[in-house]
Amino acid sequence: MPPPPKKQNKTKQNRSGQAFPQNWLRANPLALALGVAGWTLPSTIGVPAFGGASLFGKLMESIGAELAHWPVGPGVTSPFWLYLLTWHVGLFVTMTLAQIGLQGRGDKYW
């Protein structure tokens, strides 16, 4: 009976001949949790630009206003789209920075 095949190393050779790890992202669930909390909590703080209201509060308020006339969706000029886009861009930037920070700390960059 032939011996079982050896496990393949999960790296591929790139054009320069160096190995490229398959798990290059090294996703960390802690980065997801810290990123969501790190954006949601500060976005609930009121700011003068919104008349003392918060971005998260304005987003929730606009969602409620749009759901009030459901099944008709929000119009193109609805402020809902601005709040939605702004909140999500901030969320994804914060999650990306959390991932970079945790991986940098794990790799002893800081």
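All of the numbers you see were taken from the coordinates with simple rules; none came from a lab. None of the values given here were measured: they were computed from a predicted structure. Neighbour counts run over all protein chains shown; Cβ positions are idealised from the backbone, glycine included.
A few points about this structure:
- Principal-axis tilt of helix 29-40 within the chain, Cα atoms, nearest 10 degrees: 20
- Listed residues W70, W39, W87, most fluctuating in the chain (Gaussian network, C-alpha, under 10 Å): W70
- With respect to the chain, whose longest principal axis is taken over its alpha-carbon atoms, helix 79-106 is tilted by about 30°.
- Between the exposed loop cleavage positions of the chain, defined as trypsin sites (Lys or Arg not before Pro) in a non-H, G, I, E, B DSSP state with at most 10 neighbouring beta-carbon atoms within 10 angstrom, the longest gap is 16-107.
- Two-site label geometry, T96 and I63: point separation in nm, points 7 Å out along Cα→Cβ: 2.3
- Of interest is the spacing of the C-alpha centroids, which for segment 20-51 and segment 61-90 amounts to 21 Å.
- Listed values [x] 14.2, 49; [y] 27.0, 88; [z] 22.3, 78, entry calculated as Rg and Dmax of the Cα atoms in Å: [z]
- Annotation for L32 and S78: the two label points, set 7 Å from Cα along the Cα-Cβ direction, are 2.8 nm apart.
- Paramagnetic reach from W70 in segment 81-110 [backbone N under 16 Å; point 7 Å along Cα→Cβ]: none
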